[in-house]
1. What are the residues in the stretch 15-37 that are under 29 Å from H5 (Cα atoms), assigned to a loop (DSSP other than H, G, I, E, B) and either among the small types (G, A, S) or modelled with pLDDT under 65 (or both), if any?
2. Restricting to the stretch 83-104, what's the tally of residues that are of a type outside the set (A, V, I, L, M, F, W, C) and touching a strand residue (DSSP E or B) at 6+ places or on another chain (Cβ under 9 Å)?
3. Would you mind finding the one in H3, H40 that is in a loop (DSSP other than H, G, I, E, B), at pLDDT below 95 and over 23 Å from S122 (Cβ atoms)?
4. Taking the stretch 54-77 as the region of interest, how many residues are in contact (Cβ under 8 Å) with a residue 60 or more places away in the chain and either in contact with a Pro (Cβ under 7 Å, 6 or more places away or on another chain) or surrounded by 14 or more Cβ atoms within 10 Å (Cβ to Cβ) (or both)?
5. Of all residues in the stretch 105-120, count the ones that are surrounded by 10 or more Cβ atoms within 10 Å (Cβ to Cβ) and assigned to a helix (DSSP H, G or I).
6. Report yes if some residue within the stretch 92-104 is closer than 17 Å to P76 by Cα, more than 12 Å from the chain's Cα centre (by Cα) and surrounded by 12 or more Cβ atoms within 10 Å (Cβ to Cβ); otherwise report no.
Amino acid sequence: MSHYHAVVWLDHAEAHVMHISPDDVEASLIHPKRPHHKLHSRVGTLGDGRAPEDRDYYHRVAEGLKGASEILIVGPAQAKLQLIKHIHSHDPDLVSKVVGVETVDHPTDAQLVAFARKYFLSKDKML
């Protein structure tokens, strides 16, 4: 089935990708191969003390969004911004399809779908 809208909620541990139509939802769950853990800085170590960005994870999330005409990206912290950065660098065909980035804590899948439908309805009415 063809879905016009997609929403992704993500943090560094998982991504919930939902392709939404008025009467159907196609959901998938994506996990990083190496869970992201922020490392504590220590005196005498090189770098900023953080684990490197998991490019494969963001690539798989971006792949999961393909096919949608409008994309909403949500999440509680920095992962959503890192996904945007990844899309700008590696998936330029998705850049124009991203219509919003919102901070959303930890919703259930049903709450996420309801939030996205309300967001897209409001956006479409503005046009």
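The values are calculated or read from the model by the stated rules, or taken from the named source; none is laboratory data. These figures come from a predicted structure and were not determined experimentally. Quick reminder, even Gly has a Cβ in these numbers, built from the backbone with ideal geometry, and neighbours come from all protein chains shown.
1. H36
2. Going through the stretch 83-104 one residue at a time, the tally reaches 4.
3. Going through H3, H40 in turn, the sole match is H40.
4. Kept after step one, since they are in contact (Cβ under 8 Å) with a residue 60 or more places away in the chain, are these residues of the stretch 54-77: 67-77.
Retained after the next criterion (residues that are either in contact with a Pro (Cβ under 7 Å, 6 or more places away or on another chain) or surrounded by 14 or more Cβ atoms within 10 Å (Cβ to Cβ) (or both)): 68, 70-76.
Count: 8.
5. Counting residues in the stretch 105-120 that are surrounded by 10 or more Cβ atoms within 10 Å (Cβ to Cβ) and assigned to a helix (DSSP H, G or I) gives 11.
6. Start the filter on the stretch 92-104 by keeping residues that are closer than 17 Å to P76 by Cα, which leaves 100-104.
Next, from what is left, pick out any that are more than 12 Å from the chain's Cα centre (by Cα): none.
No: the stretch 92-104 contains no residue that is closer than 17 Å to P76 by Cα, more than 12 Å from the chain's Cα centre (by Cα) and surrounded by 12 or more Cβ atoms within 10 Å (Cβ to Cβ).
Matching residues to (1) closer than 17 Å to D24 by Cα; (2) in contact with a Lys or Arg (Cβ under 8 Å, 6 or more places away or on another chain); (3) not small (G, A, S):
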position	(1), (2), (3)
I73	no, yes, yes
A77	no, no, no
Q82	no, no, yes
L94	no, yes, yes
V98	no, no, yes
A110	yes, no, no
F115	yes, no, yes
F120	yes, no, yes
